[in-house]
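The values are calculated or read from the model by the stated rules, or taken from the named source; none is laboratory data. Since we're looking at a predicted model, the values are computed, not measured. Heads up, the Cβs are rebuilt from the backbone with ideal geometry, glycines too, and the neighbour counts pull from every protein chain shown. The accessibility values were calculated without ligands, DNA or RNA, using every heavy atom of the protein model including side chains. Shrake-Rupley method; radii C 1.70, N 1.55, O 1.52, S 1.80 Å.
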Amino acid sequence: LFDENVVPQAPEDPLFGLMAAYRRDTFEKKVDLGIGAYRDNNAKPWVLPVVKKADEILRSDPNLNHEYLPIAGLAEFTSAAQKLILGPASPAIKEGRAATLQTISGTGAVHLGGLFLSKFLAKPHPPTIYLSNPTWANHNQIFTNVHLPIKQYPYFSAKTKMLDCDGLLSTLKSAEQGSIILLHACAHNPTGVDPTQDQWKQIAEIMRERKLFPFFDCAYQGFASGSLSQDNFAIRYFIEQGFELIIAQSFAKNFGLYGERAGAFHFVAAPGGNAGDVTKRVASQLAILQRSEISNPPAYGARIAAIVLNDPKLFAEWEDDLRTMSGRIIDMRKALKSSLDKLQTPGNWDHITSQIGMFSFTGISEKQVLAIREKWHVYMTKNGRISMAGLNTGNVEYFAKALDDVVR
Ligand code: PMP
């Protein structure tokens, strides 16, 4: 049944392929800048101290069992996740027009959102979803799987290594009414370039004019700047402006709960007379979709996050941990920039420190990416994206030298 014409060999996932190549490399000074996970200054995975504490609290609970969670997930988790992303004083929460389901991390939330939109907005034809160019590669696969037509909006200017705001706004202006616009809430992956608050306001204005639907993907709240409220500015602003919108929220990076798959999907109805009604109907359909896809979400990561989010003291400790991670990454940006300055590496490298979050778009070509891998055993994705978390005080100078060498 499954010959080559029916099931052709699929290409290896580029990121996971890169990780395997890194593991095979026996060179002592090899550097992994492909990884999308935080590493400490010794290049080791970091269990957040507050997560260790929450884990102990969880394990000492004599009533802990392994029963199923409800379809929508752990209530203590979903309500805390909602407060975190919308802001504790959000009018959407107060007015009962936000619905939240726990999902299989951020990926599961993006998928649930895509599935919901493609099922309920199918007529007269499925809406186009606009993705930033470039975007997290998985967006393309997820929305293709649910049969939403995909278009791109300009995002990154290769020339300035900043946001191509004019390109972005003019594409939104010409998008068909009712199109979905996928927006990275903060710490854009892969470029590390975010709109300024003023640019967000311009984006919102055009989206309101053109009746475009915001779909926020928020995978790095608190991890980017170290401030939870700074990193969800765009979402709060759009809600203040009265948008109806959806959000995919991941706890992978900001809690270091990568493999535990803790995340949430939020629907927020526009304010107005029937908002509560809309929210109830949407939530009821989301529950049916969730039931058929995963029945109910996994418990462990959500329990850990809920313990922290619902305890003011642990919450404050979590904020310290967020500042530790984001602070180390910002320090590495500065260290890299200063090493390149010292080496007088050709080109302008200001973007290394102006970009934010885990990733940086170096702007080097695919040929240079392959050269740095061959000659210096430095691993990064073909588009020249580096994970800042892979740098530390022991390898940042080595990497600067390697980069200097391949761009000369
Ligand atoms: N969206 C974006 C933009 C991301 O960068 C990521 C993580 N790489 C995710 C969603 C989802 O990750 P996860 O499923 O691990 O939460």
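From the list 223, 216, the lone residue that is within 16 Å of the ligand (Cβ to nearest atom), more than 29 Å from residue 276 (Cα to Cα) and hydrophobic (A, V, I, L, M, F, W, C) is 223.
Annotation note: Cβ proximity below 6 Å between a residue of region 1-29 that is over 30 Å from residue 43 (Cβ atoms) and of a type outside the set (Phe, Trp, Tyr) and a residue that is at pLDDT 95 or above and not in a helix (DSSP H, G or I) (sequence gap 6+ or interchain) occurs for no pair.
Taken together, the criteria exclude residue 140 from residues that are open to solvent by 40 Å² or more (accessible area, probe 1.4 Å), within 16 Å of the ligand (Cβ to nearest atom) and within 21 Å of residue 362 (Cα to Cα).
Remark: residue 393 falls outside the filter, which requires a residue to be closer than 19 Å to residue 32 by Cβ, touching a residue at least 40 places away in the same chain (Cβ under 8 Å) and under 20 Å from the mean Cα position of the chain (by Cα). Residues that are more than 16 Å from the ligand (Cβ to nearest atom) and among the aromatic types (Phe, Trp, Tyr) were ranked within region 226-281; the one that is farthest from the chain's Cα centre (by Cα) is 243. With respect to the conditions (1) open to solvent by less than 40 Å² (accessible area, probe 1.4 Å); (2) away from the ligand (no atom under 14 Å from the Cβ); (3) not in a helix (DSSP H, G or I), residue 89 falls short on a single one, namely (1). Test residue 160 against the criterion of being within 16 Å of the ligand (Cβ to nearest atom) and either part of a loop (DSSP other than H, G, I, E, B) or touching a residue at least 24 places away in the same chain (Cβ under 8 Å) (or both), and give yes or no. Against the criterion (within 16 Å of the ligand (Cβ to nearest atom) and either part of a loop (DSSP other than H, G, I, E, B) or touching a residue at least 24 places away in the same chain (Cβ under 8 Å) (or both)), residue 160 does not qualify. Just the residues that are in a helix (DSSP H, G or I) and open to solvent by less than 20 Å² (accessible area, probe 1.4 Å), please, taken from region 372-403. The answer is 372, 388, 389, 390, 396, 399, 400, 402, 403.
Screening residue 369 with (1) out of contact with any Phe, Trp or Tyr (no Cβ under 7 Å at 6 or more places or on another chain); (2) open to solvent by less than 10 Å² (accessible area, probe 1.4 Å); (3) under 30 Å from residue 67 (Cα atoms) gives one miss only, at (3). Of the residues making up region 121-135, those that are under 25 Å from the mean Cα position of the chain (by Cα) and either in contact (Cβ under 8 Å) with a residue 40 or more places away in the chain or loosely packed, with under 14 Cβ neighbours inside 10 Å (or both) are 121, 127, 128, 129, 130, 131, 132, 134, 135. Could you tell me whether region 19-36 includes any residue that is within 18 Å of the chain's Cα centre (by Cα), at pLDDT 95 or above and assigned to a loop (DSSP other than H, G, I, E, B)? Yes, that holds for at least one residue.
Checked against (1) within 12 Å of the ligand (Cβ to nearest atom); (2) of a type outside the set (S, T, N, Q); (3) open to solvent by 10 Å² or more (accessible area, probe 1.4 Å), residue 192 passes all but a single condition, namely (3). Residue pairs whose Cβ atoms lie under 6 Å apart, separated by 6 or more positions or on different chains, with the first residue in region 99-111 and assigned to a helix (DSSP H, G or I) and the second open to solvent by less than 10 Å² (accessible area, probe 1.4 Å) and more than 9 Å from the ligand (Cβ to nearest atom), are 109/265. Selection of helices (runs of 4 or more DSSP H) fully inside region 248-366 by the criterion of at least 3 residues being closer than 21 Å to residue 105 by Cβ and open to solvent by less than 50 Å² (accessible area, probe 1.4 Å) returns 252-255, 275-294, 300-309, 312-343. Any residue that is part of a helix (DSSP H, G or I) and either aliphatic (A, V, I, L, M) or open to solvent by 20 Å² or more (accessible area, probe 1.4 Å) (or both) - is there at least one of those in region 178-185? The answer is no, given that none of the residues of region 178-185 is part of a helix (DSSP H, G or I) and either aliphatic (A, V, I, L, M) or open to solvent by 20 Å² or more (accessible area, probe 1.4 Å) (or both). Could you tell me whether residue 406 is β-branched (Val, Ile, Thr), over 25 Å from residue 187 (Cβ atoms) and in a helix (DSSP H, G or I)? Judged against the criteria, residue 406 is a match.
Counting the residues of region 37-86 that are free of Cβ contacts under 8 Å to residues at least 12 places away in the same chain and in a loop (DSSP other than H, G, I, E, B) gives 8. Residues that are among the aliphatic types (A, V, I, L, M) and open to solvent by less than 50 Å² (accessible area, probe 1.4 Å) within region 59-86 comprise 69, 72, 74, 80, 81, 84, 85, 86, listed in sequence order.
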